[in-house]
Amino acid sequence: MADNARLGPPLVVGLTGGIASGKSLVGAMFVKLGAALVDTDVVAREVVERGEPGLAAIAAEFGPEVLSASGELDRRAMRSLVFEDESKRRRLETLLHPLIRSRTLAKLEEIEAPYALVAVPLLIETDFGELVDRILVVDAPESVQLERLMRRDATPKPEAQAMLRAQADRATRLKAAHDVIDNSGTIDATRRQVESLHRKYLDLAAQRARQI
């Protein structure tokens with residue numbers, strides 16, 4: 001649970017869901033309604049840019065084969081490496097999560113909107129849950145996730161299945177959720193759910209603001 005004494009918006013909602021469940025779509029809908037959004041996927045890319053300590057730490061841990069000829073992170077090579085070996089994935093997370101968490105907090109402190117969403121793919125699996133007041137899960141059947149992932153990124157089926165296994169299972173995510181958006185239907189159906197939750201979050205943010 002986030003600390004009421006923190007800087008930034010009075011309400012922080014953790015936005016999560018399985019890979020290819022539609023988190024980006026839902027996040028964009030909230031932003032269009034006026035919500036603030038911190039996307040930890042974007043933050044994760046920032047902390048491994050050339051010249052950042054995160055990239056140097058990765059190269060030291062995994063070797064130069066995860067770097068491109070220009071000295072940038074070879075994301076495809078890194079992804080293949082960690083999804084084939086859970087121990088390597090955990091080593092990568094240990095390196096990057098403190099950097100991502102610190103930068104995410106800094107971004108939240110700059111937000112003046114009534115509430116903010118923090119998009120965290122591995123919210124359930126990590127300590128990022130400590131940064132949020134509520135958890136919103138974007139849900140879709142695993143068969144739909146697999147189909148979307150293979151179509152979206154041209155990911156081979158075995159690799160796509162490994163990526164799904166690397167995350168908390170659907171039942172675990174749903175058990176942790178305060179709110180759920182079913183993104184297995186039409187875009188309009190998803191938008192209606194977002195609009196309803198937006199109104200709810202504005203009300204909750206106003207209540208929390210009065211308590212601070």
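Numbers for the structure displayed
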item: Val132 vs. criteria closer than 25 Å to Ala44 by Cβ and out of contact with any helix residue (DSSP H, G or I) (no Cβ under 9 Å at 6 or more places or on another chain); result: yes
item: Unmet requirement for Thr155, which otherwise passes all of (1) farther than 18 Å from Leu15 by Cα; (2) without any contact (Cβ under 8 Å) to a residue 60 or more places away in the chain; (3) within 18 Å of the chain's Cα centre (by Cα); (4) surrounded by 18 or more Cβ atoms within 10 Å (Cβ to Cβ); result: (3)
item: Residue satisfying condition, being crowded, with 18+ Cβ neighbours inside 10 Å and over 30 Å from Tyr201 (Cβ atoms), within set Val43, Val118, Val48, Val38; result: Val48
item: The lone exception for Gly27 - which of (1) under 30 Å from Ala140 (Cα atoms); (2) of a type outside the set (S, T, N, Q); (3) in contact with a Lys or Arg (Cβ under 9 Å, 6 or more places away or on another chain) it fails; result: (3)
item: Residue check for Ile135: closer than 19 Å to Ala28 by Cα and touching a His at 6+ places or on another chain (Cβ under 6 Å); result: yes
item: Scope the range 34-79; condition small (Gly, Ala, Ser) and under 28 Å from Gly14 (Cβ atoms); matching residues; result: Gly34, Ala35, Ala36, Ala44, Gly54, Ala57
item: Residue match in the range 37-56 (condition: touching a strand residue (DSSP E or B) at 6+ places or on another chain (Cβ under 7 Å), among the small types (Gly, Ala, Ser) and at pLDDT below 95); result: no
item: Residue that is farthest from Ala44 (Cα to Cα) [pool: residues in the range 75-114 that are under 17 Å from the mean Cα position of the chain (by Cα) and of a type in the set (Ser, Thr, Tyr)]; result: Thr94
item: Extreme residue, surrounded by the most Cβ atoms within 10 Å (Cβ to Cβ), among residues of the range 68-108 that are in contact with a Ser or Thr (Cβ under 7 Å, 6 or more places away or on another chain) and either within 16 Å of Leu55 (Cβ to Cβ) or at pLDDT below 90 (or both); result: Ile100
item: Subset tally (residues that are surrounded by fewer than 15 Cβ atoms within 10 Å (Cβ to Cβ) and either touching a residue at least 40 places away in the same chain (Cβ under 8 Å) or under 29 Å from Glu109 (Cα atoms) (or both)) for the range 53-67; result: 2
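The values are calculated or read from the model by the stated rules, or taken from the named source; none is laboratory data. From a predicted model like this one, the values you see are computed outputs, not experimental measurements. Counting neighbours? That spans all protein chains shown, and the Cβs are built from the backbone with ideal geometry, glycine included.
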